[in-house]
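The values are calculated or read from the model by the stated rules, or taken from the named source; none is laboratory data. Since we're looking at a predicted model, the values are computed, not measured. Cβ sites come from the backbone with ideal geometry, for glycine too, and all protein chains shown count toward neighbours.
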Amino acid sequence: MKYKYPVYQPTFSEKEKEYVNECLDSTWISSKGKFISLFEEHFARFNGVKYSAAVTNGTVALHLALIALGIGEGDEVIVPTLTYIASVNAIAYTGATPVFVDSLSDTWQMNPIDIKKNITHKTKAILAVHLYGHPCEMDSIVKIAKENDLFLVEDCAEAIGTKYKGTLVGTFGDIGTYSFFGNKTITTGEGGMVITNDETLHSRMVHYKGQGLAKYREYWHDVIGYNYRMTNICAAIGLAQLEKIQSVLNKKRAIANWYKEYLTHIPVNFHEEIGEVYHSYWMCSILVNEPKLRDSLRQYLMDRKIETRPVFYPVHTMPMYASKYQKHGNAEDLGWRGINLPSYPDLGKADVKYICQQIENYFHEIR
């Protein structure tokens with residue numbers, strides 16, 4: 001079905017075409033070329049960090065971060081169960097064991113108290129996921145990591161521009177990771193980034209992402225590496241997107257405010273920012289009061305060419321990670337009741353009003 005209002009679609013300008021055409025004219029289209037270093041430099045500057053390295057997608061960014069930290073077989077990594085599957089799969093790729101924790105019911109982010117409860121002698125790292133653009137409770141998580149001598153990786157795939165107490169996420173831990181998939185706040189089509197202030201970690205990630213090529217000996221490989229390099233064409237698109245990121249963030253915040261305005265008298269709960277934070281609203285999300293209402297509301301909107309998505313299903317309920325029974329009540333409740341609404345930057349106020357009117361019409365009809 002072709003939706004009139006998709007959940008998300010990227011926004012491009014002439015600048016992306018200009019930079020891509022420059023790549024084609026130069027013939028530097030693969031993993032070398034000026035746009036890769038420019039994109040890395042500008043992304044590091046935007047986040048206020050020393051180093052960044054561009055990679056092929058957000059999933060390998062997570063894997064690369066864990067590999068650089070030495071995470072492997074026999075280790076445990078604490079991760080929220082309410083997240084996209086990539087956060088957990090990246091842990092499994094290393095041979096380590098993901099240890100799931102529940103979410104906070106108000107922010108939807110991982111519960112620091114649950115993190116503390118799940119630390120064992122095998123725990124090596126915490127993977128904090130800033131879900132849907134709202135930050136985790138970083139004061140508590142950083143404190144837990146330091147007190148227990150744990151690495152801290154921040155999955156910021158959905159949280160470019162998100163702030164916790166005035167500081168951009170991705171800069172609290174050892175490494176921050178990002179995704180530039182087509183539905184992200186800025187896109188390269190497929191792509192990702194790792195950032196850090198640690199020179200050694202940066203060097204390790206660059207080493208591993210480039211097939212383990214030795215620094216001072218041509219065609220000599222001294223570790224088992226990976227081909228995780230971004231192309232110059234993707235970086236060209238990313239640089240053009242990054243140049244307008246503030247306007248995109250401003251527009252997405254306006255869209256969220258319109259939803260809050262028009263949903264005020266409708267029996268749903270909007271995913272708002274809680275505390276001293278800046279929610280970047282990668283997705284505008286709602287909770288219906290009862291799980292049984294979610295699919296019928298989604299179908300009602302689909303019939304009116306409005307695309308929606310369910311909030312992520314808790315990963316501990318999926319077959320490959322459900323070898324033992326676990327109960328994470330808040331994550332399960334959010335996972336069964338949540339809906340993501342259209343949130344793309346070209347959405348206008350009248351569009352949001354129409355979508356909310358259709359949600360209101362649904363609830364009138366089922367009364």
> Which of the following residues is surrounded by 19 or more Cβ atoms within 10 Å (Cβ to Cβ), among the β-branched types (V, I, T), modelled with pLDDT of 95 or more and not assigned by TED's automatic domain parsing to the domain that holds V311: I113, I71, I85, I119?
Replying inline: I71
>> So, in the range 224-277, how many residues would count as being touching a Cys at 6+ places or on another chain (Cβ under 7 Å) and either in the same structural domain as T188 (by TED's automatic domain parsing) or free of Cβ contacts under 8 Å to residues at least 12 places away in the same chain (or both)?
In response: 3
> Looking at the range 103-150, which of its residues are without any contact (Cβ under 8 Å) to a residue 24 or more places away in the chain and of a type in the set (V, I, T)?
Replying inline: I113
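Which of the residues belonging to the range 302-321 are part of a loop (DSSP other than H, G, I, E, B) and either acidic (D, E) or not assigned by TED's automatic domain parsing to the domain that holds G338 (or both)?
Our first condition is that a residue be part of a loop (DSSP other than H, G, I, E, B); within the range 302-321, this holds for 304-305, 307-308, 311-314, 318.
Scanning the range 302-321 gives a single hit, E307.
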>> Anything in the range 101-139 that is among the β-branched types (V, I, T) and not in a loop (DSSP other than H, G, I, E, B)? List them, or say none.
In response: V101, I113, I115, T123, I126, V129
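For the range 104-132, what are the residues that are basic (K, R) and closer than 22 Å to A68 by Cβ? Lay out the reasoning, then the answer.
Applying the first criterion (basic (K, R)) to the range 104-132 yields 116-117, 122, 124.
Scanning the range 104-132 gives K122, K124.
So, in the range 249-290, of the ones that are among the polar types (S, T, N, Q) and part of a helix (DSSP H, G or I), which residue ends up surrounded by the most Cβ atoms within 10 Å (Cβ to Cβ)?
Pass one, the range 249-290, residues among the polar types (S, T, N, Q): 250, 257, 264, 269, 280, 285, 289.
Subsequent filtering for residues that are part of a helix (DSSP H, G or I) retains 250, 257.
On the way: N250: 12, N257: 14.
Once the filter is applied, the top-ranked residue is N257.
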> Out of Y226, Y216, Y259, which single residue is touching a Lys or Arg at 6+ places or on another chain (Cβ under 9 Å) and either at negative phi or of a type in the set (S, T, Y) (or both)?
Replying inline: Y226
> Can A61 be described as buried (at least 24 other Cβ atoms within 10 Å of the Cβ), in a helix (DSSP H, G or I) and modelled with pLDDT of 95 or more?
Replying inline: yes
> Got at least one residue in the range 41-56 being within 19 Å of N183 (Cα to Cα), under 19 Å from the mean Cα position of the chain (by Cα) and in a helix (DSSP H, G or I)?
Replying inline: yes
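Go through the range 5-23 and count every residue that is of a type in the set (V, I, T) and either at pLDDT 95 or above or more than 30 Å from Y300 (Cβ to Cβ) (or both). Quick ask: steps written out before the conclusion?
If we filter the range 5-23 for residues that are of a type in the set (V, I, T), which is where we start, we get 7, 11, 20.
Among the residues that remain, those that are also either at pLDDT 95 or above or more than 30 Å from Y300 (Cβ to Cβ) (or both) are: 7, 20.
Adding up the residues that qualify gives 2.
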>> Please count how many residues of the range 136-149 are crowded, with 20+ Cβ neighbours inside 10 Å and either more than 11 Å from Q109 (Cβ to Cβ) or at pLDDT below 95 (or both).
In response: 1
> Of all the residues that make up the range 302-316, how many are out of contact with any Leu (no Cβ under 7 Å at 6 or more places or on another chain) and surrounded by 21 or more Cβ atoms within 10 Å (Cβ to Cβ)?
Replying inline: 3
>> Against the condition surrounded by fewer than 15 Cβ atoms within 10 Å (Cβ to Cβ), within 18 Å of the chain's Cα centre (by Cα) and under 29 Å from E16 (Cα atoms), how does Q246 come out, does it pass?
In response: yes
> Can you name the residue in the range 11-21 that is surrounded by fewer than 16 Cβ atoms within 10 Å (Cβ to Cβ) and of a type in the set (D, E, K, R) and, of all such residues, is nearest to Y164 (Cα to Cα)?
Replying inline: K15
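Can you tell me how many residues within the range 18-35 are of a type in the set (V, I, T) and assigned to a loop (DSSP other than H, G, I, E, B)?
2
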> Has the range 138-152 got any residue that is under 24 Å from S247 (Cα atoms) and touching an Asp or Glu at 6+ places or on another chain (Cβ under 6 Å)?
Replying inline: no
> Within the range 32-51, which residues are closer than 25 Å to T167 by Cβ and buried (at least 24 other Cβ atoms within 10 Å of the Cβ)?
Replying inline: F39, F43
